[in-house]
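The values are calculated or read from the model by the stated rules, or taken from the named source; none is laboratory data. The structure displayed is predicted, hence computed values, not measured ones. Heads up, the Cβs are rebuilt from the backbone with ideal geometry, glycines too, and the neighbour counts pull from every protein chain shown.
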Amino acid sequence: MEQTPYVFSVRDITRYIKTLLEREHTLQAVLVRGEISNCKYHSSGHFYFTLKDDAAELRCVMWRERVNAQRFRCEDGMRVIAEGSITVYERSGQYQLSVYALQADGVGNLYLAFEQLKRKLTEEGLFAPERKRPLPAFPRHIALLTSPTGAVAHDFITISARRWGGRNIVLVPTSVQGAQAPASIVHSLQLAARIPEVEVIVLARGGGSFEELACFNDEAVARAIAASPLPVVSAVGHETDFTIADFVADLRAPTPSAAAELVVPDMQGIADYLQRTQQRIFAVVRNRIERDRRDLNRAMTHPALRNPAVLIRDRQQHIDMLSERIFERMQHRLTSTAQRLDAVEGRLTALNPRGVLQRGYALVLRPEDGALIPTAAQAAQVERVQIQFYDGAVEASIAG
């Protein structure tokens, strides 16, 4: 009798395949190199993406707790090495790589995270020069955030005391290395801002490798520095490389010792400057006094000061001479004007009609309007005329 074959349900066959794959030891701890595509960070916090090369694709998922532990954020086109295990998502019947950790392929994870955070904060304007605050010129109270057991605190305090004693340096014990360091730095920044009379904050540590300085490349630390109500100096002892804290701080010092020199003024240097300034002021005043003394001596030797009456008499004589000169000019002007008036009067007299009438001439006028009748022909046209003599006028009839 022929045996009937066993028929699986879709669910059963999927679970069977899932069991086979997840029991395979080789597939539970694999490293897979590929290029990220279809990158999606879900609102749940999980991360879904696809790893691909030129021949195949592999779906991947990274759960929220793993995503939170990841230092850098993935992007499409990024080449990575994924560590994880092969699992099966039953609902779609697809196998996938459940990723535990990602590392950049060819670029260190810390450096990649540094570059991504740097680009992000630059776009937000946290590194903009215009938001940098000036340090107080003569701070009396300084908060120093560093490890209390290292040499940084001793060096900073020693240099500060040498430059200008009497500064009040408040040491805020802060972890500056390790997994707990970012939270410690954030807490210390907030604490320092609440200490009465503190005017500036110095975040410092000695040198170290890029990995050892990772806490200064933390986003929470960067935002805490930006949010500080007081100016912050980043004094991470790394001459050549910059950290995110350096970029966001109000001032970057290459070393903690340099920070002490930048924050605390040099009292001796200021004293020397004041002395030189005082000498320059004294020299200017002396020169001014000497110049004024010479001017006074010249003035004292002037004749007007030796015998003021001489100056007054000279001025009086000058005024008399000016008065005579003005009078002479006025007399000349009056004489000239009178002569011109006489000449004009003579010409007017010669032209006066009354002068002509005195010599025996007469004027013939029309009686009604006094109009002049200059010719005999015009006189023949009227019946009566008026004859004007020097001493009076008579009327006459015209005989035809």
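Answer with yes or no whether ILE142 is assigned to a helix (DSSP H, G or I), surrounded by 16 or more Cβ atoms within 10 Å (Cβ to Cβ) and among the aliphatic types (A, V, I, L, M).
On the way: assigned to a helix (DSSP H, G or I): no; surrounded by 16 or more Cβ atoms within 10 Å (Cβ to Cβ): yes; among the aliphatic types (A, V, I, L, M): yes.
Here the answer is no, as ILE142 does not meet what is asked.
I'd like the full set of residues that are assigned to a loop (DSSP other than H, G, I, E, B), modelled with pLDDT under 80 and loosely packed, with under 12 Cβ neighbours inside 10 Å, limited to the stretch 354-369.
Our first condition is that a residue be assigned to a loop (DSSP other than H, G, I, E, B); within the stretch 354-369, this holds for 359-362, 366-369.
When the remaining residues are screened for being modelled with pLDDT under 80, the result is 359-361.
If the condition is that a residue be assigned to a loop (DSSP other than H, G, I, E, B), modelled with pLDDT under 80 and loosely packed, with under 12 Cβ neighbours inside 10 Å, then ARG359, GLY360 are the ones that fit.
Residues that are over 30 Å from GLN116 (Cβ atoms), surrounded by 10 or more Cβ atoms within 10 Å (Cβ to Cβ) and free of Cβ contacts under 8 Å to residues at least 24 places away in the same chain: does the stretch 18-41 have at least one?
yes
Return only the number of the condition from (1) in a loop (DSSP other than H, G, I, E, B); (2) surrounded by 16 or more Cβ atoms within 10 Å (Cβ to Cβ) that GLY166 does not satisfy.
Failing condition for GLY166: (2).
Within the stretch 15-68, restricting attention to residues that are out of contact with any Asp or Glu (no Cβ under 9 Å at 6 or more places or on another chain) and of a type in the set (Gly, Ala, Ser), which residue is nearest to THR87 (Cα to Cα)?
Looking at residues that are out of contact with any Asp or Glu (no Cβ under 9 Å at 6 or more places or on another chain) and of a type in the set (Gly, Ala, Ser), I get ALA56.
Restricting attention to the stretch 172-207, which residues are in contact with a His (Cβ under 8 Å, 6 or more places away or on another chain) and at positive phi?
GLU197
Going residue by residue through the stretch 207-214, is there one that turns out to be closer than 18 Å to ASP250 by Cα and either in contact with a strand residue (DSSP E or B) (Cβ under 9 Å, 6 or more places away or on another chain) or in the same structural domain as VAL170 (by TED's automatic domain parsing) (or both)?
Quick first cut of the stretch 207-214, residues closer than 18 Å to ASP250 by Cα only: none.
No, the conditions are met nowhere in the stretch 207-214.
Output the strands (runs of 3 or more DSSP E) that fall wholly within the stretch 52-123 and possess 3 or more residues being farther than 13 Å from ASP218 by Cα and of a type outside the set (A, V, I, L, M, F, W, C), or say none.
Of the strands (runs of 3 or more DSSP E) lying wholly inside the stretch 52-123, those with at least 3 residues that are farther than 13 Å from ASP218 by Cα and of a type outside the set (A, V, I, L, M, F, W, C) span 79-89, 94-104.
Considering (1) on the phi < 0 side of the Ramachandran plot; (2) modelled with pLDDT of 90 or more, say which one GLY125 fails and leave the rest.
Looking at each condition in turn, GLY125 falls short on (1).
Matching residues to (1) in contact with an Asp or Glu (Cβ under 7 Å, 6 or more places away or on another chain); (2) closer than 19 Å to GLU261 by Cβ; (3) of a type outside the set (D, E, K, R):
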{"residue": "GLU197", "(1), (2), (3)": "no, no, no"}
{"residue": "ALA204", "(1), (2), (3)": "no, yes, yes"}
{"residue": "SER209", "(1), (2), (3)": "no, no, yes"}
{"residue": "ALA214", "(1), (2), (3)": "no, no, yes"}
{"residue": "ASP218", "(1), (2), (3)": "no, no, no"}
{"residue": "ARG223", "(1), (2), (3)": "no, no, no"}
{"residue": "ALA227", "(1), (2), (3)": "no, no, yes"}
{"residue": "VAL236", "(1), (2), (3)": "yes, yes, yes"}
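Residue under question is GLN378, and the condition is that it be in a helix (DSSP H, G or I) and either in contact (Cβ under 8 Å) with a residue 12 or more places away in the chain or surrounded by 14 or more Cβ atoms within 10 Å (Cβ to Cβ) (or both); does it hold?
yes
Do we have ALA249 as modelled with pLDDT of 95 or more and crowded, with 24+ Cβ neighbours inside 10 Å here?
yes
Within the stretch 42-75, take every residue that is within 21 Å of GLN116 (Cβ to Cβ) and of a type in the set (S, T, N, Q) and give me the one that is surrounded by the fewest Cβ atoms within 10 Å (Cβ to Cβ).
Only one residue fits best here, namely SER43.
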